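The values are calculated or read from the model by the stated rules, or taken from the named source; none is laboratory data. Owing to the predicted nature of the structure, the values given are computational and were not obtained by experimental measurement. Cβ sites come from the backbone with ideal geometry, for glycine too, and all protein chains shown count toward neighbours.
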Amino acid sequence: MKFEELRLKTKETGIFSFEDIFKWFPESNRQTVKNQLKNWVSKGYLLRLKRELYFLREVELKDEFVLANHLYKPSYVSLESALNYYGIIPDVPFSVTSITTRKTQEFKSQFGLFMYRSLKPELFFGWQKIQAGKDQFYKIARPEKALFDFLYLNQKSFGEDFPQEERFSFNKDFNWQEFKRYAKLVKNKRFTGLIERLL
């Protein structure tokens, strides 16, 4: 495998894994590829995002949400990042926040801080797929699921002033019936109380 061959395979999305290379070039030697990647990182052709995940430097990252989906799988953008994306909260979060079924994790990269919070598999749903450029997509929670995730994972931090203490802003398209359907999945007195006060 030559760098130009790898470049042609990755120039649309920019992001690729070590294992992707062997799908494209199955005859490649693993140790040789490791040495090549290390050399191309040192020359500045590639960025090493984490172990076995790389980014082609010449490519423009259309949206950091695309990278968030790749850094830790399975995951979808949610919580503060999604709530800000939909205009439900005004504050821009200092990190990209996502949901995963794996353990809570965070990654620092040249593109910023990416945080992942864990949900049990039965609550891992409710996202949509957004196109961010040619061959670039990301999964993000729908507005109702982003609010559910935010309240469910932060329920212990809300005080007696909730929801007045939060600067929520909901537009007319917010589907409250769908949100209520999500909320009924959790049998928890504290969480139920939060939902009742919000509604």
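Number of residues in the range 141-190 that are farther than 22 Å from Val92 by Cβ, part of a helix (DSSP H, G or I) and of a type in the set (Gly, Ala, Ser): the value is 1.
Buried (at least 17 other Cβ atoms within 10 Å of the Cβ) and modelled with pLDDT of 95 or more, is that true of Glu80? When the stated conditions are applied, Glu80 passes them. Only one entry of Leu49, Leu37 meets the criterion of being touching a strand residue (DSSP E or B) at 6+ places or on another chain (Cβ under 8 Å), assigned to a strand (DSSP E or B) and aliphatic (A, V, I, L, M), and that entry is Leu49. The residues in the range 103-137 that are within 21 Å of Glu178 (Cβ to Cβ) and either touching a residue at least 12 places away in the same chain (Cβ under 8 Å) or in a helix (DSSP H, G or I) (or both) can be counted, and the count is 11.
Val92 - would you say it is surrounded by fewer than 16 Cβ atoms within 10 Å (Cβ to Cβ), under 30 Å from Glu165 (Cβ atoms) and within 17 Å of the chain's Cα centre (by Cα)? Criteria met by Val92. Scanning the range 3-25 for residues that are in contact (Cβ under 8 Å) with a residue 12 or more places away in the chain and basic (Lys, Arg) returns Arg7, Lys9, Lys11. Restricted to the range 6-44, and to residues that are within 27 Å of Phe65 (Cα to Cα) and acidic (Asp, Glu), which residue is surrounded by the fewest Cβ atoms within 10 Å (Cβ to Cβ)? Looking at residues that are within 27 Å of Phe65 (Cα to Cα) and acidic (Asp, Glu), I get Glu19. When residues in the range 59-102 are screened for being outside any loop (DSSP other than H, G, I, E, B) and over 18 Å from Asn154 (Cα atoms), 10 of them pass. What about Leu61, is it within 22 Å of Ile140 (Cα to Cα), of a type in the set (A, V, I, L, M, F, W, C) and modelled with pLDDT under 95? Against the criterion (within 22 Å of Ile140 (Cα to Cα), of a type in the set (A, V, I, L, M, F, W, C) and modelled with pLDDT under 95), Leu61 qualifies. Before we move on, is Ser81 under 24 Å from Phe137 (Cα atoms) and in the same structural domain as Leu123 (by TED's automatic domain parsing)? Answer is yes for this residue. Considering Gln110, Gln136, Gln131, Gln105, the condition of being crowded, with 19+ Cβ neighbours inside 10 Å, farther than 30 Å from Gln164 by Cβ and not charged (D, E, K, R) is satisfied by Gln136 alone. The residue of the range 139-164 that is nearest to Leu79 (Cα to Cα), among those that are without any contact (Cβ under 8 Å) to a residue 12 or more places away in the chain and exposed (fewer than 10 other Cβ atoms within 10 Å of the Cβ), is Ser157.
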